[in-house]
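The values are calculated or read from the model by the stated rules, or taken from the named source; none is laboratory data. All values reported here derive from a predicted model rather than from experimental measurement. When we count neighbours, we look across all protein chains shown, and the Cβ atoms used for this are built from the backbone with ideal geometry, even at glycine. These area figures cover heavy atoms from the full protein model, side chains too; ligands, DNA and RNA do not enter into them. Shrake-Rupley method; radii C 1.70, N 1.55, O 1.52, S 1.80 Å.
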2 protein chains.
Amino acid sequence: MAEFTINERNRVKRGHKRARYDEETIYGILDSHFLCHVAYEVGGQPQIIPTSYWREGNRLYWHGASKSRMIVEVTSGKDVCVSVTHLDGLVLARSAFNTSANYRSVVCYGRPELVTDTAEFDRQMELFFEQLAPGRWPQLRPVTDQERKATGLVVMEIEDAAAKVRDGGPGDGDTEDVDWPVWAGHIPLTTQQRGPVGVHEGVRAALNHPLMPGYDWNNR
Amino acid sequence: MAEFTINERNRVKRGHKRARYDEETIYGILDSHFLCHVAYEVGGQPQIIPTSYWREGNRLYWHGASKSRMIVEVTSGKDVCVSVTHLDGLVLARSAFNTSANYRSVVCYGRPELVTDTAEFDRQMELFFEQLAPGRWPQLRPVTDQERKATGLVVMEIEDAAAKVRDGGPGDGDTEDVDWPVWAGHIPLTTQQRGPVGVHEGVRAALNHPLMPGYDWNNR
Ligand SMILES: Cc1cc2nc3c(=O)[nH]c(=O)nc-3n(C[C@H](O)[C@H](O)[C@H](O)COP(=O)(O)OP(=O)(O)OC[C@H]3O[C@@H](n4cnc5c(N)ncnc54)[C@H](O)[C@@H]3O)c2cc1C
Ligand SMILES: Cc1cc2nc3c(=O)[nH]c(=O)nc-3n(C[C@H](O)[C@H](O)[C@H](O)COP(=O)(O)OP(=O)(O)OC[C@H]3O[C@@H](n4cnc5c(N)ncnc54)[C@H](O)[C@@H]3O)c2cc1C
Ligand code: HEM
Ligand code: HEM
């Protein structure tokens, strides 16, 4: 099983039993969401921007306006940190101290670059669509050169990464607290995908492709 | 309506029509989640840590091991950036370019400090519990001094903040694309709170308090 190298940037010190460095776990968590948080520094001020992303191989991709601060800053040769988090539940122990949350989270590090090749731009955007709505890309009104120019596509090779995973009930079952008379357990939280809401204006074409089939909404 | 001052740190430049600076919107978004992402810088490297938080007035609170890197670093007098994001849906327009996501997000800035007063520590932890499970705090095995010592409680006065909100269907209904023959609309994503899963070991007390009543899981 391929693993990310553990070093000073990604070594999980707190709760290291929950740490995972294998590609299978890390890529699995990355592939089951499309919302990440990107952190970078501008003039001494850390900034976070929530954004959509996708993955191919060991690379993360995201996009925005080519002139936006986020795109310009993250492609200026800086170290960037990207995090993806699933909040899976609340864990209620018999003590306040052992109260916790269930989650799967990944933190990745790299130095993003701009994708400037048009064919690669189109291929990546189609890949992004293939995650969200497979088969939709060729049905769409085609991308224009002006739109390509307005769009900054970012690629980040994942240099270092770590995952942390917690699941199940409270961990105080083997402590003195086990007989404290209060309800204990966990409350799962899942993401639910609701039925599609069509537009009212214009031509009303049928929906003929799957919607977000690969994410793990609804099935946990 | 009280508003945050707009300055160079929090001025939304891209999609400024979606920007909100009023306390009502910002506090409303903050109060409907308990997962945030905290970004800070350590030796030139931006770091993100996903963590649980709560709000009282214009202050955000979070906690961790008093010796953990995150707690030590964010309370060392640095500027920190905290973000809270609800992913509300996927928006499918007739063009790739106008494809989007629905969301409510907040970005806040401040310089966190440690809470060292024991009475305030207990009051804040009870407040945190009141969001998650009102009435549970006094039922729990009480916090010990050793546990208090092991815990770092962080307070961050929100100096600057901005929210961005997008909802509804695609925005291409008034463009030439409106008659392009592809399905268009949006797919809502919500957070669902499942039924509580009790533990098997120890005393089995009844569940006699509400679970996360104030978050907007399930009702959007
Ligand atoms: C679920 C989700 C998915 C998104 N997907 C994409 C995407 O794929 N591509 C894309 O370009 N953008 C996406 N966005 C929007 C993104 O968060 C930024 O608003 C946008 O990229 C512009 O960033 P900027 O730093 O260039 O903005 P600027 O307007 O220059 O940012 C200036 C300041 O405005 C505030 N601000 C900016 N964005 C937000 C925000 N979202 N919430 C609260 N305050 C904010 C911050 O204080 C920031 O420092 C997404 C947002 C969400 C919540
Ligand atoms: C939904 C959720 C809620 C949480 N709530 C809390 C809370 O209330 N209090 C609390 O103390 N912690 C909470 N955590 C855990 C938190 O993310 C950190 O793991 C913890 O605070 C230790 O942080 P640190 O920087 O001191 O850790 P360290 O172990 O020193 O971090 C070292 C490195 O390990 C990696 N790493 C650390 N945490 C994570 C992670 N979560 N996922 C992937 N890689 C990671 C990073 O590369 C980091 O640079 C929560 C996590 C999630 C996902
Ligand atoms: C109110 C509800 C609470 C929730 C939801 C909560 C949640 C969490 C979570 C998710 C973690 C991270 C554990 C991990 O790394 O996987 C954590 C860590 C921690 N919590 Fe809490 N907590 C709560 C209350 C408390 C209270 C009241 C105390 C102290 C009295 C406390 C003390 C700690 C400490 C010390 C850690 C660090 C553990 C470590 O890194 O070694 N927590 N908490
Ligand atoms: C594949 C699915 C896509 C999704 C889910 C998506 C989502 C988003 C979102 C959520 C934003 C932020 C808008 C806001 O600020 O509220 C955005 C911005 C943007 N997207 Fe996309 N997008 C997609 C595809 C594309 C494609 C294919 C292009 C270009 C051909 C594109 C070009 C842009 C540009 C230029 C912006 C910046 C808008 C601005 O800040 O002015 N997007 N996208």
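Got at least one residue in region B:86-99 being within 16 Å of ligand 2 (Cβ to nearest atom) and under 30 Å from A:PRO210 (Cβ atoms)? Before the answer, list the steps.
Residues of region B:86-99 within 16 Å of ligand 2 (Cβ to nearest atom): B:86-87.
Then drop every residue that is not under 30 Å from A:PRO210 (Cβ atoms), which leaves B:86-87.
Yes, because at least one residue in region B:86-99 is within 16 Å of ligand 2 (Cβ to nearest atom) and under 30 Å from A:PRO210 (Cβ atoms).
Only one of (1) touching a strand residue (DSSP E or B) at 6+ places or on another chain (Cβ under 7 Å); (2) within 16 Å of ligand 2 (Cβ to nearest atom) fails for A:GLY171. Which number is that?
(1)
When the residues of region B:100-112 are narrowed to those that are more than 16 Å from ligand 2 (Cβ to nearest atom) and either more than 26 Å from A:TRP62 (Cβ to Cβ) or free of Cβ contacts under 8 Å to residues at least 24 places away in the same chain (or both), which ends up surrounded by the fewest Cβ atoms within 10 Å (Cβ to Cβ)?
The first filter runs over region B:100-112 and keeps only residues more than 16 Å from ligand 2 (Cβ to nearest atom), leaving B:100-111.
The next check asks that each one be either more than 26 Å from A:TRP62 (Cβ to Cβ) or free of Cβ contacts under 8 Å to residues at least 24 places away in the same chain (or both); those that pass are B:110-111.
Numbers: B:GLY110: 20, B:ARG111: 14.
Checking each candidate, the answer is B:ARG111.
Being out of contact with any Lys or Arg (no Cβ under 8 Å at 6 or more places or on another chain) and near ligand 2 (Cβ under 10 Å from one of its atoms) is the filter here, so list the residues in region A:15-36 that pass it.
A:HIS16, A:TYR21
Looking at (1) at the interface with chain A (Cβ under 7 Å from one of its Cβ atoms); (2) under 23 Å from A:THR190 (Cα atoms); (3) within 15 Å of ligand 1 (Cβ to nearest atom), which is the only condition B:VAL91 fails?
(1) is the only condition that B:VAL91 fails.
Report yes if some residue within region A:64-78 is among the β-branched types (Val, Ile, Thr) and within 16 Å of ligand 2 (Cβ to nearest atom); otherwise report no.
No, the conditions are met nowhere in region A:64-78.
Per-residue answers, yes or no, for (1) in contact with a Leu (Cβ under 6 Å, 6 or more places away or on another chain); (2) closer than 18 Å to A:VAL182 by Cβ:
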{"site": "B:TRP137", "(1), (2)": "no, yes"}
{"site": "B:MET156", "(1), (2)": "yes, no"}
{"site": "B:ALA163", "(1), (2)": "no, no"}
{"site": "B:PRO170", "(1), (2)": "no, no"}
{"site": "B:GLN192", "(1), (2)": "no, no"}
{"site": "B:GLY198", "(1), (2)": "no, yes"}
{"site": "B:GLY202", "(1), (2)": "no, yes"}
{"site": "B:HIS209", "(1), (2)": "no, yes"}
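Quick check on region B:147-164: of everything there that is away from ligand 1 (no atom under 12 Å from the Cβ) and of a type in the set (Lys, Arg), which residue is nearest to the chain's Cα centre (by Cα)?
Top of the filtered list is B:ARG148.
In region A:1-18, which residue that is within 20 Å of the chain's Cα centre (by Cα) and under 19 Å from B:VAL38 (Cα atoms) is surrounded by the fewest Cβ atoms within 10 Å (Cβ to Cβ)?
Ranking the candidates gives A:ARG11 first.
Quick one: in region B:62-88, which of the residues that are of a type in the set (Ser, Thr, Tyr) and more than 16 Å from ligand 1 (Cβ to nearest atom) is nearest to A:LEU87 (Cα to Cα)? Steps first, answer last, please.
Quick first cut of region B:62-88, residues of a type in the set (Ser, Thr, Tyr) only: B:66, B:68, B:75-76, B:83, B:85.
Now narrow it down to the ones that are more than 16 Å from ligand 1 (Cβ to nearest atom): B:66, B:68, B:75-76.
Working: B:SER66: 23, B:SER68: 21, B:THR75: 25, B:SER76: 28 Å.
Looking at the filtered set, the residue picked out is B:SER68.
Could you grab me the full set of residues in region B:167-194 that are more than 8 Å from chain A (Cβ to nearest Cβ) and either in contact with a Lys or Arg (Cβ under 9 Å, 6 or more places away or on another chain) or closer than 27 Å to A:TYR103 by Cα (or both)?
If the condition is that a residue be more than 8 Å from chain A (Cβ to nearest Cβ) and either in contact with a Lys or Arg (Cβ under 9 Å, 6 or more places away or on another chain) or closer than 27 Å to A:TYR103 by Cα (or both), then B:ASP167, B:ASP172, B:THR175, B:GLU176 are the ones that fit.
Kindly list the number of the only condition in (1) under 21 Å from the mean Cα position of the chain (by Cα); (2) closer than 30 Å to B:PRO134 by Cα that fails for A:PHE121.
With respect to (1) under 21 Å from the mean Cα position of the chain (by Cα); (2) closer than 30 Å to B:PRO134 by Cα, A:PHE121 is out only on (2).
Looking at region A:113-220, what strands (runs of 3 or more DSSP E) fall wholly within it and have at least 1 residues that are open to solvent by less than 60 Å² (accessible area, probe 1.4 Å), touching a residue at least 24 places away in the same chain (Cβ under 8 Å) and closer than 30 Å to B:PRO196 by Cα?
Details: elements: A:151-157, A:160-166, A:185-193.
Those strands (runs of 3 or more DSSP E) span A:160-166, A:185-193.
Scan region A:62-88 for residues that are within 8 Å of another protein chain (Cβ to nearest Cβ) and within 16 Å of ligand 3 (Cβ to nearest atom) and jot them down.
A:SER83, A:THR85, A:LEU87
Would you check if A:SER52 is more than 16 Å from ligand 3 (Cβ to nearest atom), under 13 Å from the mean Cα position of the chain (by Cα) and among the polar types (S, T, N, Q)? Steps first, please.
On the way: more than 16 Å from ligand 3 (Cβ to nearest atom): yes; under 13 Å from the mean Cα position of the chain (by Cα): yes; among the polar types (S, T, N, Q): yes.
Yes, satisfied.
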